[in-house]
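Down below is the structure, laid out as structure tokens.
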Amino acid sequence: MSWEEEFRPLLGKSTRWEGFKRIMADQLGREKCFILETGTLREPGNWRGDGQSTRLWQWLIENHQAFAISVDADVKACMLASRECPNVRVELGDSVAFMRGFMPFPLTLVYLDSIGGMHQVAELAALWEKIPSGCLIASDDSPKKPELTRKLLSAMGIEPEYDDYIVVWRKP
């Protein structure tokens, strides 16, 4: 079953659907995917509110050559994500500190869904030099979270490829 067949009934009418379609098309077009997500799923089956992006990365791992790490400071969310998405490596801790020490993979997607705008900017600052050219950077929950991220990337001459509830950029 394709990812769209599986997830359209759950997300097709959501504000995230078009953003997820773009992200998944990009990732499926790559030989291998290496995904780093900040913030993980918080409530089983909360497709409308939570978006369940970690479940998409689980699907990629099961159906494509992919590896995903989800970092969250909430122990209950990490326990839930580990149980619900067993192939996603779930890390308990502050995402900024984690990203400072992150090295192992040439990322294809950085999915920012953590606590807020300033935190996203700090995450990008901690990881920027390690993000390879061509990597997607996505921010969930627009317009709340990505305004500072948008301003930072725009100041660097990087404009969104997709700008809706999920905002997607590509590192040049």
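None of the figures in this text is laboratory data; all of them are computed from the coordinates on show. Nothing here was measured: the structure is a model prediction, and the numbers come from that model. Note: ideal-geometry Cβ built from the backbone for every residue, glycine included; neighbour counts use all protein chains shown.
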_Per-residue HN-Hα couplings for segment 5-16 [Karplus 6.51, -1.76, 1.60; θ = phi - 60°; Hz; x = Gly/Pro]_ = 4, 6, 9, 4, x, 8, 10, x, 9, 8, 5, 8
*Return the sequence-ordered ³J(HN,Hα) values of segment 83-96 in whole Hz as given by the Karplus equation 6.51 cos²θ - 1.76 cosθ + 1.60 applied to θ = phi - 60°, using x for Gly and Pro.*
6, 7, 10, x, 8, 8, 6, 9, 10, 8, x, 6, 5, 5
_segment 100-159-segment 1-53 distance, computed between alpha-carbon centres (Å)_ = 18 Å
*Built amide H within the under 5 Å cut-off of Glu37, gap 5+*: Ile69, Ser70, Val71, Tyr111
*Within the set of other residues whose C-beta is less than 12 Å from the C-beta of Val110, count the net charge using Lys and Arg as +1 and Asp and Glu as -1.*
-1
_Listed candidates (1) 139; (2) 162; (3) 100 - label of the one calculated as volume of the Cα convex hull per residue in Å³_ = (3)
*Per residue of the chain, what 222 nm ellipticity follows from adding -39500 (n - 2.57) for every DSSP H run with n ≥ 4, rounded to the nearest 500?*
-11500 deg cm²/dmol
*Remind me, relative contact order of segment 3-170 in percent, using alpha carbon pairs under 8 angstrom and six or more residues apart?*
21 percent
*Long-range amide H contacts for Tyr162: which residues qualify at under 5 Å (H placed 1.01 Å from N, peptide plane, sequence gap of 5 or more or a different chain)?*
Val168
*Of all DSSP beta bridges in the chain, what percent run antiparallel (nearest 5)?*
25 percent
*Which of the GluC sites (Glu not before Pro) found in segment 77-172 are in a DSSP loop and have at most 16 neighbouring Cβ atoms, other than their own, within 10 Å?*
Glu161
_Straight-line reach only, C-alpha to C-alpha below 22 angstrom: list the lysines that Lys151 could link to, leaving out same-chain residues fewer than 8 apart._
Lys130, Lys171
